[in-house]
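Read through the structure below, which is laid out as structure tokens, and then see the notes.
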Amino acid sequence: MGKEIAKKTGSILNGKNLIKLAVIVIIYILLMLVMEGDFATRHFKSLLVPVGINIILAVSLNITTGFLGELSLGHAGFMAIGAYSGSLFTIFAQDHTGLPGPLAFIIGIIIGGIMAALLGVVIGIPVLRLRGDYLAIVTLAFGEIVRSVINFLGFTGGARGLSGIPRYTNYKWVYALVVITLIVLANLVRSRYGRVISSIRDNSIAAESIGIKVSNYKIMAFVIAAFFAGVAGVLFGHNLSVLKPTNFDYNKSIEILVIVVLGGMGSIRGSVISAIILTLLPEFLRDASEYRMLLYALALIIIMLFNSSEIRQKLEDSGKLPKLPKFPTLKARIK
């Protein structure tokens, strides 16, 4: 027994993982120097939290869209469920219990993630029978239904919004949760379950023919993505201190999807880089206020053209850029 534990510990603490751990610590030290020192403006410091939240949202949506191959436009709905449920709990804990703030926040994050995951089960079972455009339309409608329900309910603050949310979110919480999200989802993708999910994306009929329970794995991927979207929602709510239903309309879902597509569907590293660039880009273009959105749109088009160009293909073949997974065409799927 003791030898087995020592063997497992040794396999975890190998050279590759120790380098990754060192990188995580170094990045944290750099972030701390930037945030605690005078190396950056206050405006720039305020952007680090949204960058981290967008990374969690993009990487989690990539599980559904990139690795499972199902187009979902309801991610903002799961984010809203997590944001409101986690925020309602921390408001209650602050007013009626003696829980310390950090403990209440941790419980709020767990509640937000679980509530979003539960809704993912309820929605995923009937919805994941659909594919392609039909699934996209239904998930888009789901997000709008969630927003309308929140708008209608009294205890959520309705259209006026939910105020009085404690400001617990800071760069330390966000960094820790980004690291946890990346570790969990990267290991999921590399695990047996991740390979099964990718096989369903490549050919669901073939996967089913060898005994894989396609529906179960689809729901599992959908629920995991919803859980992390809920966690991101809790961070979002405790960063703004005020939540409004308009924060979670279909534009938010499309914004997350754009990040995933530009980073490369099926690439966690690409989602991280894309989330950083697309969150900071509008702010860097703020000086050109009249042309800001025009330049932003042009940048999106250029990145999209580059991702589908022969230049990108040659860079991938030479090993200078990571290879993106090739999705089967509609014709291939029909065959």
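The values are calculated or read from the model by the stated rules, or taken from the named source; none is laboratory data. Just so you know, these numbers come straight off a predicted model, no measurement behind them. Note: ideal-geometry Cβ built from the backbone for every residue, glycine included; neighbour counts use all protein chains shown. These accessible areas exclude ligands, DNA and RNA; they are computed on the full protein's heavy atoms, side chains included. Shrake-Rupley method; radii C 1.70, N 1.55, O 1.52, S 1.80 Å.
Counting just the residues of the stretch 186-211 that are free of Cβ contacts under 8 Å to residues at least 12 places away in the same chain, open to solvent by less than 90 Å² (accessible area, probe 1.4 Å) and among the hydrophobic types (A, V, I, L, M, F, W, C), which one comes out nearest to PHE228 (Cα to Cα)? The residue in question is ALA207. The selection criterion, being in a helix (DSSP H, G or I), over 19 Å from LEU68 (Cα atoms) and open to solvent by less than 60 Å² (accessible area, probe 1.4 Å), does not hold for LEU294.
For the stretch 65-72, the count of residues that are closer than 30 Å to GLY194 by Cα, surrounded by 11 or more Cβ atoms within 10 Å (Cβ to Cβ) and free of Cβ contacts under 8 Å to residues at least 60 places away in the same chain is zero. A single member of LEU119, LEU162, LEU128 is buried (at least 19 other Cβ atoms within 10 Å of the Cβ), in contact with a Lys or Arg (Cβ under 6 Å, 6 or more places away or on another chain) and over 17 Å from ILE53 (Cβ atoms), and it is LEU128.
Residues of the stretch 257-291 that are at pLDDT below 75 and either open to solvent by 40 Å² or more (accessible area, probe 1.4 Å) or among the charged types (D, E, K, R) (or both): GLU283, PHE284, ARG286, ASP287, SER289, GLU290, TYR291.
Of all residues in the stretch 165-178, those that are surrounded by 17 or more Cβ atoms within 10 Å (Cβ to Cβ) and either out of contact with any Lys or Arg (no Cβ under 9 Å at 6 or more places or on another chain) or of a type in the set (S, T, N, Q) (or both) total 9.
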